Amino acid sequence: MAEVIVGVVVFPGSNCDHDTEYSIASFEGVRPVMLWHNDHDLQGAKAIVLPGGFSYGDYLRAGSIARFSPIMQEVIEFARKGFPVLGICNGFQVLLESGLLEGALSRNRDKKFLCCQTNIKALNCSTIFTSEYKKEEVLSMPIAHGEGNYFAPSEVIESLEEHNQIVFKYSDAAGMVTDEANPNGSLNNIAGIINRQGNVLGLMPHPERASEKLLGSLDGRPLFESLYKHIVEA
């Protein structure tokens, strides 16, 4: 099998880039490459991951400056050609700022930074990122963010629901989607969405921090497995 390259974008302030690199490198025949924010070369990547962190110090608002970095010009074009792009936490924020996903993220409901384990429910398991999950499977993954409160106009929310673009929702351990299970106030308990084309996914929980038993959960690994199967079979 020929080597497959997956690009991990590194912004000033990224702090989950090497965690993501480690998760990607655990798959045979896949080589992660670190893509600096000032670069224009995606180095032959078959998929791109925007990791978590505090790009550019989260000045103005999370992801707003990163959106204008040189590498994002290439990532946007890459996504528009139909290639896979995954945004985790701050990466989700960057995808929203870039217009690759609809909606926005604001300060958490209680205006506090949240760093804790949370449950999410997998709602759409027919995507290239979620094919290894079971529909309505409840997953345990950590969150670590101050601006994870997803919102969008009502017509956008209705469209996301109608076209099965809401991939993950916050839930309790039994899979009940309740306000009590919603850590940050996101509309409709939204934890992750995908674009209409199905090649751009953003989520606030950290699958790379739930990819080894030592970390307390393996529930994030199937996301990377799903992407791996897609890119090696493409």
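Read the figures in this text as sums done on the coordinates, not as results from a lab. Note that the coordinates shown come from a computational prediction; the quantities given were computed from them, not determined experimentally. Glycine gets a Cβ as well: all are built from the backbone with ideal geometry, and neighbour counts include every protein chain shown.
For Leu201, Leu187, Leu100, the sequence from fewest to most other C-beta atoms within 10 Å is Leu187, Leu100, Leu201. Can you list residues whose amide H is under 5 Å from Glu212's amide H, if they're 5+ apart or on another chain and H is modeled 1.01 Å from N? Result for Glu212 returns Ser217. Considering only Tyr22, Tyr170, Tyr150, the Gaussian network model of the chain with Cα springs below 10 Å gives its largest mean-square fluctuation to Tyr22.
Taking the chain as a Gaussian network of alpha-carbon nodes connected by springs under 10 Å, the highest mean-square fluctuation of the residues Ala122, Ala79, Ala174 belongs to Ala174. Segment Glu162..Arg31, full-extension length gain: 43.5 nm, with 0.36 nm per residue of separation and the alpha-carbon distance subtracted. Of all DSSP-defined beta bridges confined to the chain, some 60% are antiparallel rather than parallel. The residue list Val156, Tyr228, Pro183 was ranked by how far each Cα lies along the charge dipole of the chain toward its positive end, using unit charges on Cβ atoms, and Pro183 comes out on top.
Legend: residue pairs Lys111/Lys135; Lys46/Lys134; Lys121/Lys229, Cα-Cα distance threshold 29 Å; pairs beyond threshold, Lys111/Lys135. Applying the Karplus relation 6.51 cos²θ - 1.76 cosθ + 1.60 with θ = phi - 60° to the range 29-34 yields 3J(HN,Hα) values of x, 10, 10, x, 10, 8 Hz, where x marks Gly and Pro.
Taking a ≥ b ≥ c as the square roots of the eigenvalues of the alpha carbon gyration tensor, the range 86-187 is rounded, as a/c is under 1.5. For the chain, the relative contact order comes to 19 percent (Cα pairs under 8 Å, sequence separation of at least 6).
A cut-off of 5 Å between modelled amide H atoms, ignoring neighbours fewer than 5 places along the same chain, links Gly87 with Leu50, Leu201, Gly202, Leu203. The H on the amide N of Val10, modeled in the peptide plane, is under 5 Å from the matching H of Leu35, Trp36, His37, each at least 5 residues off or on a different chain. Within straight-line reach of Lys112, meaning a Cα separation under 19 Å, sit the following aspartates and glutamates at least 8 residues removed in sequence or on another chain: Asp58, Glu147, Asp179, Glu180. Phi-derived couplings, Karplus 6.51 cos²θ - 1.76 cosθ + 1.60 at θ = phi - 60°, listed residue by residue for the range 177-194: 8, 10, 5, 5, 8, 8, x, 10, x, 3, 4, 6, 6, 5, 10, x, 9, 10 Hz, with x used for Gly and Pro. For the range 131-144, backbone phi angles converted through the Karplus equation (6.51, -1.76, 1.60; θ = phi - 60°) give residue-by-residue couplings of 5, 8, 9, 9, 4, 6, 5, 9, 10, 10, 9, x, 10, 7 Hz, Gly and Pro being listed as x. The length gained on full extension between Glu77 and Met176, counted as 0.36 nm times the residue separation minus their Cα-Cα distance, comes to 31.8 nm. Each peptide in 212-218, 89-95, 26-32 was scored by the mean count of other Cβ atoms within 10 Å over its residues; highest first, the order is 89-95, 26-32, 212-218.
The distance from the alpha carbon centre of the range 177-224 to that of the range 110-149 is 2 Å, rounded to a whole number.
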